[in-house]
1. Given Cβ point charges of +1 (Lys, Arg) and -1 (Asp, Glu) and nothing else, what value in debye, to the nearest 20, does the dipole of the stretch 19-74 about its Cα centre take?
2. Please report the relative contact order for the stretch 45-125, taking Cα pairs under 8 Å with a sequence separation of at least 6, and give it as a percent rounded to a whole number.
3. Decide, for the stretch 1-117, between rounded, prolate and oblate: order the square roots of the alpha carbon gyration tensor eigenvalues as a ≥ b ≥ c, take rounded if a/c falls under 1.5, and otherwise choose prolate if a/b is larger than b/c, else oblate.
4. Using +1 on the beta carbon of Lys and Arg, -1 on that of Asp and Glu, and nothing else charged, what's the dipole of the stretch 3-142 about the Cα centre, debye to 20?
5. Defining a contact as two alpha carbons under 8 Å apart and six or more residues distant in sequence, what relative contact order in percent does the stretch 3-142 show?
6. Scan the stretch 48-91 for GluC sites (Glu not before Pro) in coil per DSSP, keeping those whose Cβ has at most 16 other Cβ atoms within 10 Å, and list them by number.
7. Using each residue's phi in the stretch 208-225, evaluate 6.51 cos²θ - 1.76 cosθ + 1.60 at θ = phi - 60° and report the 3J(HN,Hα) Karplus result to the nearest Hz, with x for Gly and Pro.
8. Pull up the cross-link candidates among the lysines for residue 175, meaning alpha carbon to alpha carbon under 22 Å and not fewer than 8 places away within one chain.
Amino acid sequence: MHTVETIRLEKDLCEPLRNFWIARGFDVRSEVNGCDMVASRDDLFVVIEMKRHLSFDLLAQAVDRQRFADHVYVAVPKPDPFREDKTWKEKLRVLRRLGLGLLLVSKSGDVLFAEEALLPMTPSEISLSSPKRKSLEAEFRKRSLDLNVGGTRGVPLVTAYRETALRIAHILRAKEPLSQKELREHGADKKKTSGILTANHYGWFARDEAKKYRLTAAGHDALLQYADLVRTFPSVTSEILPQGGASPKGEISPVSDRGTSP
């Protein structure tokens, strides 16, 4: 079966592309601020936009990302059969003129893998948008794990906001009911806890007459749905934790048996 026929959805490109960047020492997060995939190493940020075919929409999307990324790649399945003919060379010429890199996803046996077909423009040749760059870096660094799949549509994303809300739910599961002040004392975010509880976008929290908060059934379900992420949170003890929630012993909390998006 040809590679393009094997890769029926954009999300099928995600794993081989993630492996490509991890093998080069990058941390990877998918679906960050509208970007399909972001890879970061030190202070270098690379955006990868995925499609099943090279198209004007893909190029326009990638050029937009150049405003805040150091490098931008487009990623598509490798044509099968692959020919370095006139049409292919014309496509590479357009990508070079736009300063975009190209990653091709191929199949060898049952394994999909990515290869670099064209290097992108160097960072010094790009004028970056400072606010958008800061937003990208902040969202990337605040995520503990890469639980999203690039190119997926209609699936709730694990954003930094959702992760912060999950940390609040994690504390409440162990210690409810708690006031906002008590939540912060146990490691909830000092700046965002109040806004998250007040907005209650996900319906995870309920406040009683004493202005203390408990988890709803939806909150318990969310902790199970995102159990892989919750396992990375510090355990909730009787001790008051420093800001950031790091346990003095660095313990990892167990997940209990109980059991769309800013």
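What follows draws every value from the coordinates through simple rules; no lab data is involved. Fair warning: this is a prediction, and the values are worked out from it, not measured in the lab. Cβ coordinates were reconstructed from backbone atoms using ideal geometry, including for glycine residues, and neighbour counts include every protein chain displayed.
1. Numbers: 7 positive and 9 negative charges, 32 e Å.
Once rounded to the nearest 20, the dipole reads 160 debye.
2. On the way: 124 pairs, mean separation 22.3, N = 81.
That works out to 28 percent.
3. Working: a/c = 1.75, a/b = 1.18, b/c = 1.48.
Verdict is oblate for the stretch 1-117.
4. Working: 24 positive and 23 negative charges, 62 e Å.
Rounded to the nearest 20 debye, it is 300 debye.
5. Working: 231 pairs, mean separation 33.8, N = 140.
For the stretch 3-142, the relative contact order is 24 percent.
6. On the way: sites: 49, 84, 90; in loops: 84.
Loop-located and lightly packed - 84.
7. Rounded to whole hertz, the list is 9, 5, 8, 6, 10, 10, 10, 7, 8, 4, 5, x, 4, 4, 5, 5, 6, 4.
8. 190, 191, 192, 211, 212, 249
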